[in-house]
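Structure record follows, encoded as structure tokens.
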Amino acid sequence: MSRNQQLFDRAQQTIPGGVNSPVRAFRSVGGTPRFITRAEGAYMWDADGQRYIDYIGSWGPMIVGHAHPVPSIEQVRLVSSGTEATMSALRLARGFTRRDLIVKFEGCYHGHADSLLVKAGSGLLTFADTTKNAPSSAGVPADVTKHTMVLEYNNVEQLEQAFIKHADEIAAVIVEPVAGNMNLVRANDAFLQAMRSLCTKHGAVLIFDEVMTGFRVALGGAQAHYGITPDMTCLGKVIGGGMPAAAFGGRRDIMACLAPLGAVYQAGTLSGNPLAVAAGLTTLKLIQAPGFYDRLAAQTRKLADGLAAAAVDAGVPFAADAIGGMFGLYFREGVPGSFAEVTQCDTARFNRFFHAMLDAGVYLAPSAYEAGFVSAQHDDAILATTIEAARKAFAA
């Protein structure tokens, strides 16, 4: 029995499912999760001593790689997780507007607050029945989600109809401007413009959940990339440099509603803890280096294009996309633009590809519904190794 299996068996005795986040259990792809003992640069090693090229990067935070050797927001409040950030932002939006209804989109994941677990992305796409407009998790009463309206991602007409019918009820629209929890799906320009104009017209708060895209797509996040200014922004992952840190912030008049200035309560014992803030500040200093994002985007695009070319050579239906330091792999013809199109991907084929790559020493996200991440440590040689491994996996 491998050391990874021994550790997984042991973990299952004390941790539900043996993991602290469902997707890590390999349930979607099958097999034994890897227990990582150390990591450096773009590599990590498991408990059996196997080295992997890492394309998960702690699910996005490790934008400068592991163990790096080099020692729109007017007001902001620090919290300890992305879930806290989105949960607090929504409470604040409701307090500011004195309305209750929240609009979110299919396949977008905004943390595990009860009211947001409706047709949510991430591990819930593996565990939940996504055909029903109902809570995606057991333990969430239907009454808790009655003030959450779920619409199709990139569907402008549906969004317009929602405002026609419920304009006076909508407190906020929350969206991942680049969805990374139903694989990678970009918001199109018409969709982004519609959200901004409708929220402005009807007094709703536009919230960009940039927990994943903040400092990952660009230094100014997806909002800088697209040129759209939200009313509030939620940040996480990169902002903590691998430590538990997140933040939410936005317009001064909205943030002024927070206690002790206003009546919207939000608190946290470990919010703004100095260790996490120090790690985050160090990371933010590193990524501000001239040319950092140009190089990161170029490497990520090179990886995506190389994988797509290898699939074409093997005659495998496959597409890949990249934006900033994020990429998506899809076993289907064409890059998906909605949750419905993502569900058309061949997950069985992805699972075989995942295990072939894992055996070759390349560690991809163990789910067909997760985006991948490139760090500053993924150089040309590492990308070439990855693409060659994929070429063999596609041909198998």
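Details
- Any hit, region 39-47, residues being modelled with pLDDT under 90 and farther than 19 Å from residue 23 by Cβ: yes
- Candidate set: region 27-86, residues that are hydroxyl-bearing (Ser, Thr, Tyr) and under 23 Å from residue 382 (Cβ atoms); chosen: the one surrounded by the fewest Cβ atoms within 10 Å (Cβ to Cβ): 37
- In this structure, residue 93 does not satisfy being under 24 Å from residue 139 (Cα atoms), surrounded by 20 or more Cβ atoms within 10 Å (Cβ to Cβ) and either out of contact with any Gly (no Cβ under 6 Å at 6 or more places or on another chain) or not assigned by TED's automatic domain parsing to the domain that holds residue 182 (or both).
- Flag if residue 63 is under 30 Å from residue 359 (Cβ atoms) and within 17 Å of the chain's Cα centre (by Cα): yes
- Among all residues of region 69-84, there is none that is over 30 Å from residue 7 (Cβ atoms), in a strand (DSSP E or B) and in contact with a Pro (Cβ under 7 Å, 6 or more places away or on another chain).
- When residue 282 is tested against the conditions (1) within 19 Å of the chain's Cα centre (by Cα); (2) assigned by TED's automatic domain parsing to the domain that holds residue 186, the lone failure is (1).
- Search result, residues across region 203-233 that are more than 20 Å from residue 105 (Cβ to Cβ) and among the hydrophobic types (A, V, I, L, M, F, W, C): 215, 218, 219, 224
- Here 167, 162, 179 are screened, and the one residue that is at pLDDT 95 or above and under 22 Å from the mean Cα position of the chain (by Cα) is 179.
Conditions tested, residue by residue: (1) surrounded by 17 or more Cβ atoms within 10 Å (Cβ to Cβ); (2) aliphatic (A, V, I, L, M); (3) under 21 Å from residue 32 (Cα atoms).
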position: 298; (1), (2), (3): no, yes, no
position: 302; (1), (2), (3): yes, no, no
position: 325; (1), (2), (3): yes, no, no
position: 345; (1), (2), (3): yes, no, no
position: 365; (1), (2), (3): yes, yes, yes
position: 384; (1), (2), (3): no, yes, no
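- Checked against (1) surrounded by 24 or more Cβ atoms within 10 Å (Cβ to Cβ); (2) more than 15 Å from residue 111 (Cβ to Cβ), residue 236 passes all but a single condition, namely (2).
- The selection criterion, being among the basic types (Lys, Arg), out of contact with any strand residue (DSSP E or B) (no Cβ under 6 Å at 6 or more places or on another chain) and not assigned by TED's automatic domain parsing to the domain that holds residue 181, holds for residue 349.
- Take the conditions (1) part of a helix (DSSP H, G or I); (2) over 27 Å from residue 59 (Cβ atoms); (3) in contact with a helix residue (DSSP H, G or I) (Cβ under 8 Å, 6 or more places away or on another chain); residue 199 misses just one of them, which is (3).
- The lone exception for residue 209 - which of (1) surrounded by fewer than 24 Cβ atoms within 10 Å (Cβ to Cβ); (2) in a strand (DSSP E or B) it fails: (1)
- Residues (more than 28 Å from residue 177 (Cα to Cα) and either outside any loop (DSSP other than H, G, I, E, B) or not small (Gly, Ala, Ser) (or both)) located in region 312-347: 312, 313, 314, 316
The values are calculated or read from the model by the stated rules, or taken from the named source; none is laboratory data. These numbers were taken from a predicted model, which means no experiment stands behind them. For neighbour counting, all protein chains shown are included, and Cβ atoms are generated from backbone atoms with ideal geometry for every residue, glycine included.
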